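To start, the structure itself, in structure tokens.
The values are calculated or read from the model by the stated rules, or taken from the named source; none is laboratory data. What you see is a predicted model, and the numbers here were worked out from it, not measured in a lab. Reconstructed Cβ throughout: ideal geometry from the backbone, glycine too, with neighbour counts over all protein chains shown.
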Amino acid sequence: MLEVRNLGKTYRGGVTALDGIDLSIPVGMFGLLGPNGAGKSTLMRTLAAIQLLDCGTIMFDGVDVLADPVALRRRLGYLPQSFGAYPHASCKTMLRHMAVLKGLPDDAATVRRIENLLDLTNLAAHAGRAVTTFSGGMRQRFGIAQALLGDPALLILDEPTAGLDPEERMRLYNLLSQLSGERAVLLSTHIVDDVEQLCREVAIMQGGKVVARGATATLVQELVGRIWESPTAASPKSPAMRLSTAFRSGTPVHRYFADSHPGEPFVPAAPSLEDRYFLELQGNRPC
């Protein structure tokens, strides 16, 4: 269990990135959802013990992470938003190098572990290729392989599906589902669909704060009977809040939040996590 309490971080110039963050993250997949600039990456770097806080506490399985960051790093796998690779180093060579940097012995057991990770991430056939030649999805799978070196109890993934095509995204979904059975996996993203498909629990961040947190299904269930659609940006006859405008088969669809029927031409719609996300970003919380 990862427990964070009252995390605060303000950058030079007075920009507050974290403002009193409280979270409890159990074993399984936990989603951290928010727009760019919400503070997600700052939180990820802080939890990975590579950035200092102004205030707050972080405990992982009873260990004070701020007092003993090395203890966490031994049990941590971290995939940042972007990472580099040596231009001519093969995938397998890079993983052996990273294993040594993580303190693993450069022996036959580590080589076997790397080969198992290559199989798990579907990269075995590309072990001899330079990582710099990989596609976006392959690079992300390589990033997960390096994060899994040492069999971490906590896996932190920062925007792992950004820029992936639908096939690669689905392949990554399947891999992450496999990984979340025995460890805490914190998935940070601004892609709502990633969280809705993968995560049992989610926290929504905005302006350095957690504005909503709970079981993904519960956050959606609270909107049942309160989401409405209209083919036009019509004026509702009762109080209603416009959440989003999208297109369905080329036809615009406007979604609104209201406690009662806003009148014609509005029709009821099944709620989604995206509806809850837009509602929270507008500073509103359903009662």
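Things to note:
- A Cβ distance below 6 Å, combined with a sequence gap of six or more or placement on separate chains, defines the contacts here; from region 205-225, residues that are closer than 22 Å to residue 37 by Cβ reach residues that are of a type in the set (Ser, Thr, Tyr) and part of a strand (DSSP E or B) in the pairs 208/16.
- Residue within region 227-243 that is in contact with a Leu (Cβ under 9 Å, 6 or more places away or on another chain), closer than 30 Å to residue 47 by Cα, touching a residue at least 40 places away in the same chain (Cβ under 8 Å) and of a type in the set (A, V, I, L, M) present: no
- Across region 106-134, the number of residues qualifying as over 29 Å from residue 42 (Cβ atoms) and at pLDDT below 90 comes to 3.
- Single unsatisfied condition, residue 196 versus (1) assigned by TED's automatic domain parsing to the domain that holds residue 122; (2) over 26 Å from the mean Cα position of the chain (by Cα): (2)
- Here the condition is being closer than 21 Å to residue 206 by Cα and either modelled with pLDDT of 90 or more or not assigned by TED's automatic domain parsing to the domain that holds residue 214 (or both); of 230, 272, it holds for 272 alone.
- Residue 22 among the acidic types (Asp, Glu) and either out of contact with any strand residue (DSSP E or B) (no Cβ under 7 Å at 6 or more places or on another chain) or closer than 24 Å to residue 146 by Cα (or both): no
- Of all residues making up region 239-287, the number that are out of contact with any Asp or Glu (no Cβ under 6 Å at 6 or more places or on another chain) and in a loop (DSSP other than H, G, I, E, B): 21
- Test result for residue 278, hydrophobic (A, V, I, L, M, F, W, C) and either surrounded by 13 or more Cβ atoms within 10 Å (Cβ to Cβ) or in contact (Cβ under 8 Å) with a residue 40 or more places away in the chain (or both): yes
- Restricting attention to region 122-172, the residues that are on the phi > 0 side of the Ramachandran plot and of a type in the set (Ser, Thr, Tyr) add up to 0.
- Subset tally (residues that are surrounded by fewer than 17 Cβ atoms within 10 Å (Cβ to Cβ), modelled with pLDDT of 90 or more and over 18 Å from the mean Cα position of the chain (by Cα)) for region 8-53: 6
- Test: residue in region 83-98 that is of a type in the set (Lys, Arg) and either modelled with pLDDT under 85 or not assigned by TED's automatic domain parsing to the domain that holds residue 160 (or both): no
- Unique residue being buried (at least 16 other Cβ atoms within 10 Å of the Cβ), more than 20 Å from residue 133 (Cβ to Cβ), in contact with a Pro (Cβ under 6 Å, 6 or more places away or on another chain) and among the hydrophobic types (A, V, I, L, M, F, W, C) when the list is 76, 104: 76
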